Ligand SMILES: Nc1ncnc2c1ncn2[C@@H]1O[C@H](COP(=O)(O)OP(=O)(O)OP(=O)(O)O)[C@@H](O)[C@H]1O
């Protein structure tokens with residue numbers, strides 16, 4: 001059984017804003033699923049529908065086997081949520097926050113074990129009013145873990161975390177997913193998504209424009225692989241332009257840069273050049289999740305934006 005399944009899921013807000021338009025999505029048990037899209041793409045609306053907070057205007061969504069339009073309270077108690085922009089109670093300590101969630105969820109977790117798991121055990125008895133952003137985020141993550149949820153919904157989970165905190169959170173997420181919890185991970189920090197997610201769904205203007213593993217999305221896009229070769233000397237007729245799947249070749253001194261239609265073409269390029277010249281160095285680059293995101297949503301990367309500003 002899929003943990004999340006939506007069919008034609010649609011939300012139109014009063015005033016005619018079509019926030020989510022016929023979303024079909026299936027997220028399997030134990031999967032770490034990245035949910036991406038530019039501002040206003042419909043991610044929060046989708047998440048709120050999956051949590052039963054916003055009612056769909058059309059279509060259907062089931063979470064953990066239950067319809068989100070039915071009585072959803074029991075199902076919701078099996079979901080751990082780390083919302084974007086949550087707030088803590090300044091006067092309560094970290095342990096008191098966890099005790100409160102444990103009581104609310106009727107769970108039997110040990111608050112100290114959770115504090116240990118999220119790396120703030122030494123701040124257990126401190127009021128959260130003095131917490132740094134990263135400490136607050138760790139605590140909010142810990143609160144989402146209470147009750148060993150079957151589904152974990154994380155909205156910008158690494159916000160405010162230092163590199164160690166990010167790595168620790170990633171490791172915890174992988175561990176939890178391995179034990180069977182499904183993780184629905186929404187973030188604008190694409191390298192984080194790339195590092196942890198099995199598959200991603202990309203939304204644009206309320207529409208799902210791509211749903212697949214990152215590798216499969218790479219394979220599906222044209223012109224996404226790049227390889228730089230340094231040669232002892234470049235032969236007059238290298239002939240790379242004639243190779244199937246090569247989209248562009250530029251030569252600068254002894255460096256040959258090749259744009260390929262897809263990843264597999266890079267091996268052909270290396271074989272072709274190796275038969276005609278001596279390769280002294282090689283740098284291979286696949287499209288990052290950011291490149292894929294930009295292709296699917298029509299967004300411009302920071303680098304491209306800067307280049308355009310310089311040209312203007
Ligand atoms: N309560 C609401 N009433 C009317 N329109 C809304 C409401 N909430 C969201 N919208 C609109 O629905 C669209 C999708 O918004 P949503 O918040 O779901 O996007 P998002 O992908 O989560 O964006 P962000 O990345 O900026 O958080 C936007 O056009 C937004 O203005």
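Let me confirm something: among 20, 68, which residue is over 18 Å from residue 154 (Cα atoms), surrounded by 21 or more Cβ atoms within 10 Å (Cβ to Cβ) and modelled with pLDDT under 95?
68
Condition first: at pLDDT 90 or above and touching a helix residue (DSSP H, G or I) at 6+ places or on another chain (Cβ under 6 Å). Now tell me which residues in region 166-198 satisfy that.
Those that are at pLDDT 90 or above and touching a helix residue (DSSP H, G or I) at 6+ places or on another chain (Cβ under 6 Å): 170, 173, 183, 186, 196.
Among the listed residues 205, 150, identify the single one that is touching a residue at least 40 places away in the same chain (Cβ under 8 Å) and over 25 Å from residue 296 (Cβ atoms).
150
Taking residue 98 as the residue in question, decide whether it is farther than 12 Å from residue 146 by Cα and buried (at least 17 other Cβ atoms within 10 Å of the Cβ).
Here the answer is no, as residue 98 does not meet what is asked.
Taking only pairs six or more apart or across chains, which ones have beta-carbon atoms under 8 Å, a first residue in region 59-76 that is over 22 Å from residue 106 (Cα atoms), and a second residue that is assigned to a helix (DSSP H, G or I)?
If the second residue must be assigned to a helix (DSSP H, G or I), the pairs left are 61/49; 61/50.
Okay, residues lined up against (1) buried (at least 16 other Cβ atoms within 10 Å of the Cβ); (2) in contact (Cβ under 8 Å) with a residue 24 or more places away in the chain:
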residue: 214; (1), (2): yes, yes
residue: 218; (1), (2): yes, yes
residue: 221; (1), (2): yes, yes
residue: 224; (1), (2): yes, yes
residue: 233; (1), (2): no, yes
residue: 237; (1), (2): no, no
residue: 244; (1), (2): no, yes
residue: 252; (1), (2): no, no
residue: 269; (1), (2): yes, yes
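Could you pull out every one of the strands (runs of 3 or more DSSP E) wholly within region 1-97 that has 3 or more residues that are assigned by the TED database to the domain that holds residue 158 and within 15 Å of the ligand (Cβ to nearest atom)?
2-13, 17-28, 32-36
Of the residues that make up region 112-131, is at least one at pLDDT 95 or above, surrounded by fewer than 16 Cβ atoms within 10 Å (Cβ to Cβ) and more than 26 Å from residue 163 (Cα to Cα)?
Checked region 112-131: no residue is at pLDDT 95 or above, surrounded by fewer than 16 Cβ atoms within 10 Å (Cβ to Cβ) and more than 26 Å from residue 163 (Cα to Cα).
The values are calculated or read from the model by the stated rules, or taken from the named source; none is laboratory data. From a predicted model like this one, the values you see are computed outputs, not experimental measurements. Counting neighbours? That spans all protein chains shown, and the Cβs are built from the backbone with ideal geometry, glycine included.
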